[in-house]
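The next block holds one structure in the form of structure tokens; read it before the comments.
The values are calculated or read from the model by the stated rules, or taken from the named source; none is laboratory data. What you see is a predicted model; the values in this text were computed from it and never measured. Cβ placement follows ideal geometry from the backbone for every residue including glycine, while neighbour counts extend to all protein chains displayed. Side chains are part of the model used for accessible areas, which takes the heavy atoms of the whole protein and leaves out ligands, DNA and RNA. Shrake-Rupley method; radii C 1.70, N 1.55, O 1.52, S 1.80 Å.
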Amino acid sequence: MCVVMGTVMVSETVSKIEDFLSEAVDLQKDHVERVCVECEAPCCTRVHYLFNEKDVLFLKLSERKRRWRREIVTRKGCWFLSEQGCTLDPKSRPFICHTYLCDDLKMEMKRCDPGLIALLEKKLKVIGEMRSQLWAEYLDEKLQP
Ligand code: SF4
Ligand code: SF4
């Protein structure tokens with residue numbers, strides 16, 4: 001009984017995170033498309049492996065493709081980056097890819113909608129809290145006697 005309840009809680013939290021992530025992506029989308037396409041030093045070319053444990057847990061529980069595995073890749077930059085941009089669907093990206101807003105992107109968002117960054121940060125904070133909640137619920141479920 002408890003395990004079933006735990007599973008229900010976990011899957012509800014996964015689906016809430018997915019909904020909030022969609023909203024966060026939508027809030028940024030137009031601005032990212034406008035600003036990042038012009039960027040001379042894209043952040044994705046300056047990073048490498050970004051998935052952490054909470055990302056992997058969320059991806060596993062939401063039954064996404066196992067693309068988070070560490071591989072030996074020697075080329076510079078994130079290995080999910082192609083000439084067309086990120087090859088991961090937005091909800092499969094490491095959370096930091098949603099939270100990172102460079103100064104240019106922030107400026108553009110402020111210019112278009114002064115309240116947008118605060119709204120986005122609020123949403124990202126909630127997602128961060130739900131990711132911690134998911135972690136706790138998952139452990140509770142696993143540690144049930
Ligand atoms: S977020 Fe900023 S640094 Fe990254 S690609 Fe867009 S404009 Fe460039
Ligand atoms: S996962 Fe995608 S968005 Fe994140 S750094 Fe890599 S290419 Fe960029």
Selected residue (only one of Glu18, Glu23 is open to solvent by less than 70 Å² (accessible area, probe 1.4 Å), under 18 Å from Lys122 (Cα atoms) and part of a helix (DSSP H, G or I)): Glu18
Filter pass, Lys65 being at pLDDT below 95, closer than 23 Å to Glu23 by Cβ, more than 14 Å from ligand 1 (Cβ to nearest atom) and part of a helix (DSSP H, G or I): no
Given (1) surrounded by 15 or more Cβ atoms within 10 Å (Cβ to Cβ); (2) modelled with pLDDT under 95; (3) within 16 Å of ligand 2 (Cβ to nearest atom), number of the condition Lys76 does not satisfy: (1)
Among residues of the range 85-117, those that are part of a loop (DSSP other than H, G, I, E, B), within 15 Å of Thr45 (Cβ to Cβ) and within 14 Å of ligand 1 (Cβ to nearest atom), counted: 2
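When you look at Lys54, is it more than 16 Å from ligand 1 (Cβ to nearest atom), of a type in the set (D, E, K, R), modelled with pLDDT of 95 or more and open to solvent by less than 60 Å² (accessible area, probe 1.4 Å), yes or no? Write out each step before concluding.
Numbers: more than 16 Å from ligand 1 (Cβ to nearest atom): yes; of a type in the set (D, E, K, R): yes; modelled with pLDDT of 95 or more: yes; open to solvent by less than 60 Å² (accessible area, probe 1.4 Å): no.
For Lys54, the condition - more than 16 Å from ligand 1 (Cβ to nearest atom), of a type in the set (D, E, K, R), modelled with pLDDT of 95 or more and open to solvent by less than 60 Å² (accessible area, probe 1.4 Å) - is not met.
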Criterion violated by His48 - all others in (1) over 15 Å from the mean Cα position of the chain (by Cα); (2) open to solvent by 50 Å² or more (accessible area, probe 1.4 Å); (3) closer than 25 Å to Thr13 by Cα satisfied: (3)
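Is there a residue being under 29 Å from Glu137 (Cα atoms) and either assigned to a helix (DSSP H, G or I) or more than 16 Å from ligand 1 (Cβ to nearest atom) (or both) anywhere in the range 31-51? Give the derivation first.
Taking the range 31-51 and keeping what is under 29 Å from Glu137 (Cα atoms), we get 49-51.
Narrowing the set further to residues that are either assigned to a helix (DSSP H, G or I) or more than 16 Å from ligand 1 (Cβ to nearest atom) (or both) leaves 49, 51.
Looking for residues that are under 29 Å from Glu137 (Cα atoms) and either assigned to a helix (DSSP H, G or I) or more than 16 Å from ligand 1 (Cβ to nearest atom) (or both), one finds at least one in the range 31-51, hence yes.
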Test: Arg93 is in contact with a Leu (Cβ under 9 Å, 6 or more places away or on another chain), open to solvent by 30 Å² or more (accessible area, probe 1.4 Å), modelled with pLDDT of 95 or more and of a type in the set (Lys, Arg): yes
Test: Leu61 is surrounded by 17 or more Cβ atoms within 10 Å (Cβ to Cβ) and either touching a residue at least 40 places away in the same chain (Cβ under 8 Å) or of a type in the set (S, T, N, Q) (or both): yes
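Mind checking which residues of the range 102-125 are of a type in the set (A, V, I, L, M), in contact (Cβ under 8 Å) with a residue 12 or more places away in the chain and open to solvent by 50 Å² or more (accessible area, probe 1.4 Å)?
Across the range 102-125, the qualifying residue is only Leu119.
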